[in-house]
Amino acid sequence: MTDSQKLVREDFLKRFSLPLIVLSSVIVIGTLGYHLLWRAYDATWLDAIYMTFITITTVGYNEIHPLNSLGRMFTIGIAITGIASLFYLFTIVMDQLVSFRLSEKREQRKMQEAIDELNNHIILAGLGRMGRRAATELAGEGKAFVVIDEDDDAIQFATEQGYLYVSGEASEDHVLEQAGIQKAQGLIATTSNDASNAFIVMSAKALNPKLLVIARAESEASTRKLIKAGADRVLDPYTIGGRRLANLFLHPAAVDFLETTIKRGKVRLDVADFEVLADSEFVGKSLLELDVRKRCGVNILAILRLGDPVINPDGDFRLEVGDQLIALGTQEQLGKLEEIANVNA
């Protein structure tokens with residue numbers, strides 16, 4: 001529930017309480033009054049409640065027991081206050097429904113306007129356990145993204161976290177267009193259904209062939225199919241999880257190092273990749289000449305050239321347009337590298 005909807009709800013509760021208290025008081029007073037007026041007839045409490053009910057609701061049935069002048073005046077008072085409070089209560093409920101719908105539409109319009117202003121963002125299709133983790137990482141890095149999901153719990157979670165979202169099926173073209181597929185940098189398909197991920201990948205690639213698409217797969221066979229469907233990268237969480245578990249026994253020190261530097265250290269270290277652009281000062285220069293470790297504090301772990309990695313490149317390695325630098329450092333250090341090198345993260 002959004003902040004504006006919460007305000008509407010709080011206002012409704014305040015307005016709703018007064019007529020509800022009045023109506024409840026009328027029912028109690030009417031029941032007591034009729035019970036006292038009909039003492040001579042041995043009227044039951046049910047008789048008194050029934051008379052109060054048919055008076056307030058204007059059903060129009062006959063009196064259960066005779067009423068004298070005082071009883072009729074009492075009935076007039078019960079009818080006026082009861083009917084007025086009942087209609088006032090009904091009016092408030094209807095007004096609340098209309099206000100809530102208008103507030104919801106207003107929020108949706110603001111959400112869509114915010115999405116329309118995005119450029120070079122990520123579309124996250126599916127907000128399950130893996131999707132929520134991916135959203136947390138993207139939000140932590142300050143990367144703009146839009147969530148697509150049709151599950152009410154997922155939408156509620158996105159609302160609580162302040163994520164931009166589109167409610168709907170991610171394989172539908174109009175839903176992807178609402179999420180800004182034409183201006184997006186990439187899409188992550190994280191649903192637990194391989195068939196759904198395949199449809200999402202195909203739909204996304206059809207609308208934006210240049211889009212970088214990463215998909216989740218549940219099996220090796222699905223991995224091949226998703227690549228054929230157009231996915232640029234496919235992630236099998238079970239394979240990665242199994243490899244991680246095995247490495248905890250085979251290479252515990254390495255795993256502990258990565259966990260410490262990325263998650264538990266006082267200063268968080270990140271590994272990021274950057275593409276060298278044509279107008280970068282890095283073009284044609286060697287790593288020794290650039291000395292990025294001294295200038296930025298980062299370490300160049302590897303360089304990808306035409307898809308082939310060069311691990312621990314020598315100082316005389318000269319960079320070319322299109323090279324991808326794999327660097328290790330803090331977010332501040334990596335940001336400085338991007339700034340001085342004029343590279344595209």
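Cut-off 10 angstrom, C-alpha nodes, Gaussian network model of the chain. Which of A231, A272, A246 fluctuates the most?
Among A231, A272, A246, the largest mean-square fluctuation in the Gaussian network model of the chain belongs to A272.
For L70 and K14, what does the FRET efficiency come to when R0 = 41 Å and r is the distance between their Cβ atoms, rounded to the nearest 0.05?
Calculated transfer efficiency: 0.65.
Calculated FRET efficiency, L207 and I83, Cβ-Cβ r, R0 45 Å, to nearest 0.05?
After rounding, the FRET efficiency stands at 0.20.
Checking understanding here: applying a Kyte-Doolittle mean of at least -0.5 and a length along the axis of at least 30 Å (C-alpha), which whole DSSP H helices in the chain pass? If you can, show how the numbers build up before the last one.
Numbers: long enough: 3-37 (51 Å, 0.71); 69-116 (70 Å, 0.31).
Both cut-offs are met by 3-37, 69-116.
Once the piece of chain linking N120 and S24 is laid out straight, how much longer is it, given 0.36 nm per residue of separation minus the C-alpha distance between them? Don't skip to the end; give the middle numbers.
Working: separation 96, 0.36 × 96 = 34.56 nm, distance 5.75 nm.
That pair, N120 and S24, stretches by 28.8 nm at full extension.
Calculate for the chain the 222 nm mean residue ellipticity that helices alone would give, adding -39,500 (n - 2.57) per DSSP H run of length 4 or more and normalising by residue count, nearest 500 deg cm²/dmol. Write down the numbers at each step before the final one.
Details: 13 runs with 189 residues, N = 345.
Only helices count here, giving -18000 deg cm²/dmol.
Sort 177-183, 15-21 by packing, meaning the average of other beta carbons within 10 Å per residue, with the highest value first.
On the way: 177-183: 18.4, 15-21: 14.4.
Final packing ranking: 177-183, 15-21.
Set the Förster radius R0 to 56 Å, insert the Cβ-Cβ distance between L32 and D153 as r into 1/(1 + (r/R0)^6), and round the FRET efficiency to 0.05.
Numbers: r = 47 Å, r/R0 = 0.84.
Given R0 = 56 Å and the Cβ-Cβ separation, E is 0.75.
In 20 Å bins starting at 0, how do the alpha-carbon pair distances of the chain split up by percent?
22, 37, 19, 15, 7, 1
Rounded, prolate or oblate: pick one for the range 107-194, where a ≥ b ≥ c are the square roots of the eigenvalues of its C-alpha gyration tensor, a/c under 1.5 means rounded, and failing that, prolate if a/b is larger than b/c, else oblate.
Numbers: a/c = 1.21, a/b = 1.15, b/c = 1.05.
Note, shape of the range 107-194 comes out rounded.
List, in the order given, every pair from K183/K285; K105/K210; K183/K210 whose Cα-Cα distance in the structure shown is over 22 Å. Working shown, then result.
Values: K183/K285 33 Å; K105/K210 33 Å; K183/K210 10 Å.
Distance filter (> 22 Å) returns K183/K285; K105/K210.
Taking the chain as a Gaussian network, where each spring joins two C-alpha atoms under 10 Å apart, which residue of S69, S99, S192 fluctuates the most?
The residue with the greatest mean-square fluctuation here is S69.
How much of the DSSP beta bridge set in the chain is antiparallel, as a percent to the nearest 5? Don't jump to the answer; show the numbers that get you there.
Working: 18 of 37 bridges.
Looking only at bridges with both residues in the chain, the antiparallel portion is about 50 percent.
Considering only G168, G241, G329, give the residue with the highest GNM mean-square fluctuation for the chain, with springs between Cα atoms whenever their separation is below 10 Å.
Comparing G168, G241, G329 in the GNM, the peak value goes to G329.
Each value in this text was obtained by applying a stated rule to the coordinates, not by laboratory testing. Owing to the predicted nature of the structure, the values given are computational and were not obtained by experimental measurement. For neighbour counting, all protein chains shown are included, and Cβ atoms are generated from backbone atoms with ideal geometry for every residue, glycine included.
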